[in-house]
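Just so you know, all these numbers are worked out from the coordinates, no wet-lab data involved. It should be emphasised that the depicted structure is a prediction, and the values quoted were computed from it without experimental measurement. We place every Cβ from the backbone using ideal geometry, glycine too, and count neighbours over all the protein chains shown.
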Amino acid sequence: MNKVLSGKYWTSYTSPEWMAIKISTAVFWLMILHSSNINMEAIPYPCGIFSVVNASFLASKYTLPVSSAFALLLAVLYIAEKRMAITTFLMFLLSLVLFTLEESNGILNRNSLYTMIFLAQAIAYYRNGTRLNEERIQFPIQFIAGGYILAGLSKLKVSGLGWVSDAPLVSIQILKGYCYNYFTTGDIKQLQRGMMQAGFVLNHKLIIECMCGGSLFLELFAWIAVKNKLTAFVYGVLLTCMHIGINFAMNILIGAVFFPMLFFMINPLYLIYLLLSRLYASLRPPSAANTDTA
Amino acid sequence: MRKAPPPNRIMRKYLLLIFYVVASTLIGKEFHPFSQFPMYNSFPNYSYVLFLKNEKGDIIPFGKYFPRQKYAGQVAHVFYSYFTYHGYSCGYGKEDPVHLHQAGKEITEMLLKDEDPRKFDFDTLNLYRRFYYLADDRINYRDDLIYEQGIKR
């Protein structure tokens, strides 16, 4: 943990850090691909590239097993750091096709950032410059920050600053989230919890308006995260607080936006690795440590 | 005093961010992976939830009979996608009844596709739309039956 607190930690990205980002990214990518491409044997609402290109041949029972096997192979190559320019580009293409297929089935899971992360890494590896170690992480952070800025701009474009003063209306959106759980599980407690949460919002309008104002500010200024590793980390912590707040108040977590931000800006897997290494070192008998040093 | 980095270096550092924001804004609609991330960009005075009831009026929990891809949240996405795709107006409980019925039909077909009817312990699947709205600082709702489908077991 001393490493994290020292100035040196903030100047460059190490190999274990990069490995932790790759493992987190690849595992989560496989999870969302697996959940997205099931039951996709039709394209009822073509959108994105499928509104331009006829891809009805993709809507078949073979799409799931073939794409899952291919995704698994790419994830292994990605973690093993093999032919990264091609591997990341193929991961970008596979994400593009499968997530568009998912959206063309009417399911909007907002996975755009995941697709863009692989494009960013493909660009970094294609450039293969002297600063590759930094660019393969900093380029995806640019897209992630761009996503947050777009979300902020969208709010200003559609609602203006009224978005903040309209915040008490979020109560019926909160209730909707809990209702989804109630009508899925049949558990009446979900509905009761939703009513309670919505009531809290209506009784504490000022708090909700402040929370929404803070979120809008964070989104619009997400470009600060791009500056360097330290700003990315600090901004990542602030955005995590925002997501936790939204999840607490509205029972909503948009994982396809939150997790890429978490992996690239905070890198929790690496922090856990550092913590465990430190713990392991402190638990080892002094003689073993001395031998190692010698 | 620290020297400020040259403008072209700053541009390079933010190039992909600028590209993504500008391209997504110019495209102006959802075109994966370009998006305006419109989630909750407005708080209209309505929210919809779709749910199921049997012929006795009891709630049919999605999770009891259908896979995760057919839960209430996903079904609501399909509902909105139907209206967006066809360019029909949607919201505030004021949809055209014909469009509403057609959306209900498509959702019910999607729900029952690839499902073995023998697993169901009801004879009729009634798809409802709950419309929540705020009036006088109180939350109100209205339930509308949008489609009814008999089950042949």
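Having 2 or more residues that are of a type in the set (K, R) and surrounded by fewer than 21 Cβ atoms within 10 Å (Cβ to Cβ) is the bar; report the helices (runs of 4 or more DSSP H) wholly within segment A:107-219 that clear it.
Hits in segment A:107-219: A:188-203.
Somewhere in segment B:74-83, is a residue among the aliphatic types (A, V, I, L, M) and within 8 Å of another protein chain (Cβ to nearest Cβ)?
Yes, segment B:74-83 contains a residue that is among the aliphatic types (A, V, I, L, M) and within 8 Å of another protein chain (Cβ to nearest Cβ).
Given the condition out of contact with any Leu (no Cβ under 8 Å at 6 or more places or on another chain), assigned to a helix (DSSP H, G or I), aromatic (F, W, Y) and surrounded by 15 or more Cβ atoms within 10 Å (Cβ to Cβ), answer yes or no: does some residue in segment A:61-81 qualify?
Yes, segment A:61-81 contains at least one residue that is out of contact with any Leu (no Cβ under 8 Å at 6 or more places or on another chain), assigned to a helix (DSSP H, G or I), aromatic (F, W, Y) and surrounded by 15 or more Cβ atoms within 10 Å (Cβ to Cβ).
Within segment B:68-99, can you find the residues that are assigned to a helix (DSSP H, G or I), more than 11 Å from the chain's Cα centre (by Cα) and within 17 Å of A:P44 (Cβ to Cβ)?
The answer is B:Q69, B:K70, B:Y85, B:H86, B:H99.
Spot the failing condition for B:L17; the list is (1) of a type in the set (A, V, I, L, M); (2) at the interface with chain A (Cβ under 7 Å from one of its Cβ atoms); (3) part of a helix (DSSP H, G or I); (4) surrounded by fewer than 19 Cβ atoms within 10 Å (Cβ to Cβ), and only one is missed.
Failed condition: (4).
Restricting attention to segment A:66-89, which residues are closer than 15 Å to A:Y126 by Cβ and touching a Phe, Trp or Tyr at 6+ places or on another chain (Cβ under 8 Å)?
A:M84, A:A85, A:T87, A:T88, A:F89
Can you tell me which residue within segment A:157-187, out of those that are farther than 30 Å from B:K53 by Cβ and small (G, A, S), is nearest to the other protein chains (Cβ to nearest Cβ)?
A:S159
Test of understanding: among A:S104, A:S95, which residue is in contact (Cβ under 8 Å) with a residue 40 or more places away in the chain, more than 24 Å from A:A225 (Cα to Cα) and either over 15 Å from the mean Cα position of the chain (by Cα) or surrounded by fewer than 24 Cβ atoms within 10 Å (Cβ to Cβ) (or both)?
A:S104
For B:A103, which of the numbered conditions (1) assigned to a helix (DSSP H, G or I); (2) under 20 Å from A:I174 (Cα atoms) fails to hold?
(2)
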